[in-house]
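Throughout, read-outs are computed from the coordinates displayed, never taken from laboratory work. Just so it is clear, the structure is predicted and the values come from calculations on it, not from any experiment. A quick note on method: Cβ atoms are made from the backbone with ideal geometry, for glycine too, and the neighbour counts reach across all protein chains shown.
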């Protein structure tokens, strides 16, 4: 199905899952706006998709002024936003006693506050038009506490709870809300999240797998709302014990 009528905003879109989302949506015919805290990387990512239906803008998702600038830019350049994907996220995995206050603040700001601000901006535009879909890329870290990932889990549990409430508030406005919870995904995320840990990344999902799953749910009829979509690779077995 062609997505030529869709205008999509993706945060954290310069690389990893975010770029795979942008690429899949663009290939399906959508107009895409790539946001990233690294403006040069966002520009290069958008340019790689080809001219005409891809734009980029830098900005920090944890700052309301930046998020408002993002949605204003998207609608001025591409048209009314119909799909908003809160994908930006980061982690620092270590023992709880070793976290600095700055690391705690950073993870809560990007993973939780960024999801809230992005959803708020999207719903403010979509609600009056009675059309749209918000997709929050969360994590299976929102399903149980994981040692050395405690703060990341806290942020993702918060984002999942927020998304459940958002879904109920958005439904009367005909705006669909879905939480996507990937398990391990082999991206550069882990280069900073856990640089010293040996991880079975070859057994995990690829960013493209997540993008294909999101593309499938976007192609569903507007009245169909997958509330939560948990994605795990066949051999990603950390829930088996």
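Taking neighbour counts of Cβ atoms within 10 Å as a proxy for exposure, in what order, fewest first, do 113, 156, 5 appear?
With the sparsest Cβ surroundings first, the list reads 5, 113, 156.
If I build a Gaussian network model for the chain, linking alpha-carbon pairs within less than 10 angstrom, which residue out of 95, 167, 31 has the largest mean-square fluctuation?
95
Return the calculated 222 nm mean residue ellipticity for the chain, to the nearest 500 deg cm²/dmol, obtained by summing -39500 (n - 2.57) across DSSP H runs with n ≥ 4 and dividing by the residue count.
Estimated from H runs of four or more residues: -12500 deg cm²/dmol.
Any chance you could give the angle, 0 to 90 degrees and rounded to 10, that helix 64-77 forms with the longest Cα principal axis of the chain?
40
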